[in-house]
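What follows is one structure encoded as structure tokens, with my remarks underneath.
The values are calculated or read from the model by the stated rules, or taken from the named source; none is laboratory data. All figures in this text were calculated on a predicted structure; none of them were measured in a lab. Methodologically, a virtual Cβ is constructed for each residue, glycine included, from the backbone with ideal geometry; neighbour enumeration extends over all protein chains shown. Surface accessibility is based on the protein's heavy atoms, side chains included, excluding ligands, DNA and RNA. Shrake-Rupley method; radii C 1.70, N 1.55, O 1.52, S 1.80 Å.
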Amino acid sequence: MKHTSLPMTVLTALVVVALAALPILGDNYLLRLGTMFGMYATLALSWNIIGGYAGYPSFATAAFFGLGAYSGALLQGVGWPLPLAWLAACGVAALFAALLGLAILHLKGHYFAIASLVVAEVLVEVATSWTDLTGGGMGLNLPILRISIDAQARLFFWSFYSLAVLALLLNGWVAGSRLGFGLRCIRQNEDAASMVGVNTTLYKVSGFVLSALLVGGAGAMYASWVFYIEPPDVFNVLLSVKPIVMALLGGAGTVLGPALGAGVFLAMEELVWRNFLDVHSGILGLIIVVLIFFLPNGLLGVVRRRLKAPPTPQPVSGESP
């Protein structure tokens with residue numbers, strides 16, 4: 001990750017190793033938190049490709065997640081093994097994103113945001129109405145895994161953890177690639193980028209596809225994890241809002257920021273849920289708004305300033321201080 005400083009790289013490596021030790025050192029509660037962090041980090045890092053690098057405010061994460069969940073669930077129901085069902089769900093979400101991107105990525109700003117937000121609502125109606133395939137409003141049951149509860153907990157921890165690491169590596173590759181350069185040009189000034197020869201349509205659709213790829217896999221893993229899905233659950237608008245909040249909280253448009261934001265968001269969510277059950281949504285929202293308002297560059301900006309504070313310039317001999 002050429003855009004990441006050495007101290008941040010070392011810190012990231014330590015965090016990755018610490019999380020990998022959870023199955024050995026942690027109890028089931030910590031293992032569940034690690035699994036949730038893997039899912040949250042995957043969603044936030046995936047959104048970062050189109051929302052952070054390109055600056056397109058996508059609310060389509062819930063659509064990709066739900067589509068992946070139903071794709072994986074249906075394939076498991078006809079006998080596909082878990083890994084193949086999850087891979088196929090990634091492909092379905094990526095293909096859908098390519099088609100959707102060609103249709104709506106000519107829109108900008110809040111027009112694009114609204115268009116991407118509506119997609120999940122449309123898919124909710126399709127999944128609810130298509131009773132023969134999806135079970136409709138009654139939901140869809142998945143085959144139960146014939147392994148112990150502890151083995152299941154470790155399976156899904158490693159699955160989501162691996163997916164999050166892949167999302168992090170994908171962000172690192174995009175940040176240092178020609179695609180990442182093109183997406184940043186689009187964020188700065190899309191019209192100017194197009195005038196100097198940047199194929200903005202290709203870059204935007206490519207970024208949109210990459211932002212959906214691993215989200216589809218996360219949806220399929222989630223369906224396998226909970227054994228039961230229904231349209232309002234897997235197409236929930238919060239699955240579109242939370243990744244945006246996490247990315248902004250940690251530092252959108254950076255490689256490590258969304259993962260950092262996912263960890264902080266999960267910690268706040270657990271803390272508020274435990275202590276303020278009746279009003280947890282309002283308190284959590286207030287905390288997030290305050291943090292983002294006072295940290296416009298995200299928590300990663302604060303960490304970088306602490307780890308890499310520039311030395312105070314000294315006056316050259318003969319110059320006034």
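Restricting to the range 289-312, and then to whatever is modelled with pLDDT under 70 and part of a helix (DSSP H, G or I), can you tell me which residue is surrounded by the most Cβ atoms within 10 Å (Cβ to Cβ)?
Ranking the qualifying residues of the range 289-312, first place goes to Arg304.
Taking interchain pairs and intrachain pairs at least six residues apart, which have beta carbon atoms under 7 angstrom, with the first residue in the range 129-149 and at pLDDT 90 or above and aliphatic (A, V, I, L, M) and the second open to solvent by less than 60 Å² (accessible area, probe 1.4 Å) and not in a helix (DSSP H, G or I)?
From the range 129-149, the pairs are Leu140/Ile229; Leu142/Phe227.
Filtering the range 173-195 down to residues that are among the hydrophobic types (A, V, I, L, M, F, W, C) and open to solvent by 60 Å² or more (accessible area, probe 1.4 Å), which residue is farthest from Val255 (Cα to Cα)?
Filtering the range 173-195 for residues that are among the hydrophobic types (A, V, I, L, M, F, W, C) and open to solvent by 60 Å² or more (accessible area, probe 1.4 Å), the one farthest from Val255 (Cα to Cα) comes out as Met195.
Residues in the range 268-286: is at least one closer than 26 Å to Gly253 by Cα, open to solvent by 40 Å² or more (accessible area, probe 1.4 Å) and either of a type in the set (Phe, Trp, Tyr) or at pLDDT below 75 (or both)?
No, the range 268-286 contains no residue that is closer than 26 Å to Gly253 by Cα, open to solvent by 40 Å² or more (accessible area, probe 1.4 Å) and either of a type in the set (Phe, Trp, Tyr) or at pLDDT below 75 (or both).
Which of the numbered conditions does Ala54 fail, given that it passes all the others? Conditions: (1) out of contact with any Lys or Arg (no Cβ under 6 Å at 6 or more places or on another chain); (2) buried (at least 16 other Cβ atoms within 10 Å of the Cβ).
Unmet for Ala54, out of (1) out of contact with any Lys or Arg (no Cβ under 6 Å at 6 or more places or on another chain); (2) buried (at least 16 other Cβ atoms within 10 Å of the Cβ): (1).
Please work out which residue is farthest from Leu169 (Cα to Cα), limiting yourself to the range 16-30 and to residues that are free of Cβ contacts under 8 Å to residues at least 24 places away in the same chain and assigned to a helix (DSSP H, G or I).
Looking at residues that are free of Cβ contacts under 8 Å to residues at least 24 places away in the same chain and assigned to a helix (DSSP H, G or I), I get Tyr29.
If you check Ala262, Ala223, Ala247, which single one turns out to be over 13 Å from the mean Cα position of the chain (by Cα), buried (at least 23 other Cβ atoms within 10 Å of the Cβ), among the small types (Gly, Ala, Ser) and at pLDDT 90 or above?
So the residue among Ala262, Ala223, Ala247 that is over 13 Å from the mean Cα position of the chain (by Cα), buried (at least 23 other Cβ atoms within 10 Å of the Cβ), among the small types (Gly, Ala, Ser) and at pLDDT 90 or above is Ala223.
Cβ-Cβ below 6 Å, separation at least six or inter-chain, first residue in the range 38-60 and without any contact (Cβ under 8 Å) to a residue 60 or more places away in the chain, second open to solvent by less than 10 Å² (accessible area, probe 1.4 Å) and among the aliphatic types (A, V, I, L, M): which pairs?
Here the result reads none, with nothing in the range 38-60 linked to a residue that is open to solvent by less than 10 Å² (accessible area, probe 1.4 Å) and among the aliphatic types (A, V, I, L, M).
Which residue is farthest from Val237 (Cα to Cα), if the candidates are limited to the range 93-141 and must be open to solvent by 60 Å² or more (accessible area, probe 1.4 Å) and among the β-branched types (Val, Ile, Thr)?
My answer is Thr131.
Out of curiosity, is Gly66 in contact with a Leu (Cβ under 7 Å, 6 or more places away or on another chain), within 29 Å of Leu105 (Cα to Cα) and open to solvent by less than 40 Å² (accessible area, probe 1.4 Å)?
So Gly66 passes the test.
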